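The values are calculated or read from the model by the stated rules, or taken from the named source; none is laboratory data. In this text the structure is predicted, and so the values were computed from the model without any measurement. Here the Cβ positions follow ideal geometry from the backbone for every residue, glycine too, while neighbour counts run over all protein chains shown.
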Amino acid sequence: MAAYDIVTKARANGRATTKNYIENIFTDFIELHGDRRFSDDNAVISGIAFLDTTPVTVIGLEKGQDTKDKISRNFGSAQPEGYRKALRQMQLAEKFNRPVICFVDTSGAYCGIGAEERGQGQAIAECLYNLMTLKVPVISIIIGEGGSGGALALAVADEVWMLENSIYSVISPEGCASILWKDSSKAAEAAECLKLTSKELYKLNIIDKVISEKLGQKQSYETIKRLLLETINASMNIDENDLLEKRYQRFRKFGNT
Amino acid sequence: MIRKGIFKKPKIALEGNIKQSKTPSANIPNEMCVCCPSCNKMLFNDELNENLVVCSYCNHHFRMNSRQRLNMIADEDSFIEHNTDLKSENILDFPNYDKKLKNSQLESSENEAVITGVCKINSINSAIFVMEPYFMMGSMGTVVGEKITRIFEFASENRLPVIGFCVSGGARMQEGILSLMQMAKVSGAVKKHSDNRLLYITVLTDPTMGGVTASFAMQGDIIIAEPNALVGFAGPRVIEQTIRQKLPDGFQKAEYLLKTGFINDIVERKKLKEYLTKLLQLHNYK
Ligand SMILES: [Zn+2]
């Protein structure tokens, strides 16, 4: 399949969002709102739930489902408050020794006056910095769009998985085409160049698992639940220092010539 | 993407053992003087360079290349450069990237968009990285990420502070996802250095944007900026296109970041070396 067809699928209306994943994989989800600094950013959902019998922290970027919901969630583009809310929940997870599971689905962190004024770059930088040494297992799953730094803020993890028809990229194919060829209609070509599909990223060792979508959404939820249980049970037995060293080395290897 | 400065790499008297011979004459503008974009006065290149590339009339801070910055901060002959030979490769076979790299190497006389190493600052040992605006506008690819990561690892092992000069348009698109991964990789090395209770100072210069702002530029224990430097996550044009309105005056400028609380201070080039020396001394580095 052409890369841009996958881009279209990853962005499609009606594609399952973080909310669906939370409802179908976990039980007793309790949402915890707010960053205790400025506001509650609806583009990020965070809270605690059971994965089978294990309490876990769940954080996800939420694009919204119907039009009204999408607007209230800013189409999944988080403000700095969203990242600060996420970071607060990550730190609580560490305190209570809960694994962290992140769902990524965003075209990118929001670009706006307020977002800049309140330190969008600083908020993302703080997530990367603290996730690197968060003393609990972290697993990140890209379910739709993984747009640049705004996605990476929730994807500094022990393992990063992708749904088969999701994408992960440093820049949108449209943005790339308009910089490269001054022509955003060449997005399909740019999408090929960027190697942003799960298949390409698996080949490049950027991600650890690709979750098949061939057997339908229900099967994807079940697969993810099973894989999460396996991975978390295994990583809960790893020594804290080993876990962090492994996470460091996971990213250290990229571009180590 | 950020537009380049009004003139190319200015000629400056290079001191010490620094790669003087590699500066190609093609980079030196033929004109003997430039017009200050801030006050419109004509400035002689020689005088400008003697004045740390700062306008003597209005204090406008011109863009400065990485070697000039090093000469300004490091004690004479004290800089020992690390990993000079690391060069980017076109890992993803991205169109025109090979050519772009070659041109950037010629334009900047550098192998990559950052130089790293150790130096003495008023006799105090420090690790240092200086990003290069004349190499693809300091964009961060795998080699930039690798060199900065290595200097943090070296500083952790040798218990050195790190001083980092940032200038960057952001992540390097031509290296795709691998450039995004550098944000995480460098952040890991910065965090380890910090957990060793070592000092990291970032100096933000014009412009510091995108993935660099969203990672190591904003992770300093102390963050300072040069006057009038543009610092932000999204570029001003992207924001204008998104919100379809004009941005307020001074938006994303250093003075604005000082007001909103994201940097600790603004320090003029002329005072920078003494300022950094005092900070190092206040953290018990000798
Ligand atoms: Zn002037």
message: So if I check each of B:V190, B:V203, which one is crowded, with 17+ Cβ neighbours inside 10 Å, in contact with a Phe, Trp or Tyr (Cβ under 7 Å, 6 or more places away or on another chain) and more than 10 Å from chain A (Cβ to nearest Cβ)?
response: B:V203
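The rows are residues; the columns are (1) assigned to a loop (DSSP other than H, G, I, E, B); (2) over 18 Å from A:S140 (Cα atoms).
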site	(1), (2)
A:K186	no, yes
A:A191	no, yes
A:I207	yes, no
A:L215	yes, yes
A:N233	no, no
A:R247	no, no
task: Test B:H82 against the stated conditions and say whether it is farther than 30 Å from A:A191 by Cα, within 16 Å of the ligand (Cβ to nearest atom) and not aliphatic (A, V, I, L, M).
output: no
- prompt: Would the stretch A:134-156 turn up any residue that is without any contact (Cβ under 8 Å) to a residue 40 or more places away in the chain, under 20 Å from A:V58 (Cβ atoms) and either surrounded by fewer than 21 Cβ atoms within 10 Å (Cβ to Cβ) or touching a Phe, Trp or Tyr at 6+ places or on another chain (Cβ under 8 Å) (or both)?
  reply: yes
statement: Of (1) in contact (Cβ under 8 Å) with a residue 40 or more places away in the chain; (2) closer than 22 Å to A:P55 by Cα, A:S107 fails just (2)
message: Just to be sure I understand, how many residues within the stretch A:57-88 are more than 14 Å from the chain's Cα centre (by Cα) and either surrounded by fewer than 22 Cβ atoms within 10 Å (Cβ to Cβ) or of a type in the set (D, E) (or both)?
response: 13
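Filter the stretch B:134-178 down to residues that are of a type in the set (D, E, K, R) and assigned to a helix (DSSP H, G or I) and give me whichever is nearest to the other protein chains (Cβ to nearest Cβ). Write out each step before concluding.
First, the residues of the stretch B:134-178 that are of a type in the set (D, E, K, R): B:146-147, B:150, B:153, B:157, B:159, B:172, B:175.
With assigned to a helix (DSSP H, G or I) added as a condition, the list becomes B:146-147, B:150, B:153, B:157, B:175.
On the way: B:E146: 5, B:K147: 10, B:R150: 9, B:E153: 9, B:E157: 15, B:E175: 8 Å.
Filtering first and then ranking leaves B:E146.
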field: Pairs, first assigned by TED's automatic domain parsing to the domain that holds B:E89 in the stretch B:151-180, second at pLDDT below 95 and of a type outside the set (A, V, I, L, M, F, W, C), C-beta under 7 Å, six or more apart
entry: B:L178/A:G255
query: Tell me, which strands (runs of 3 or more DSSP E) lie completely within the stretch A:17-133 with 3 or more residues that are farther than 27 Å from A:C176 by Cα and modelled with pLDDT of 95 or more?
result: A:27-31, A:44-51, A:54-61
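Results for (1) part of a loop (DSSP other than H, G, I, E, B); (2) buried (at least 19 other Cβ atoms within 10 Å of the Cβ); (3) at the interface with another protein chain (Cβ under 8 Å from one of its Cβ atoms), shown as yes or no for each residue.
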{"site": "B:V186", "(1), (2), (3)": "no, yes, no"}
{"site": "B:A217", "(1), (2), (3)": "no, yes, yes"}
{"site": "B:T242", "(1), (2), (3)": "no, no, yes"}
{"site": "B:L280", "(1), (2), (3)": "no, yes, no"}
- request: Taking the options A:L152, A:L201, A:L180, A:L196, name whichever one is over 17 Å from B:L180 (Cα atoms), in contact with a helix residue (DSSP H, G or I) (Cβ under 9 Å, 6 or more places away or on another chain) and within 11 Å of chain B (Cβ to nearest Cβ).
  value: A:L180
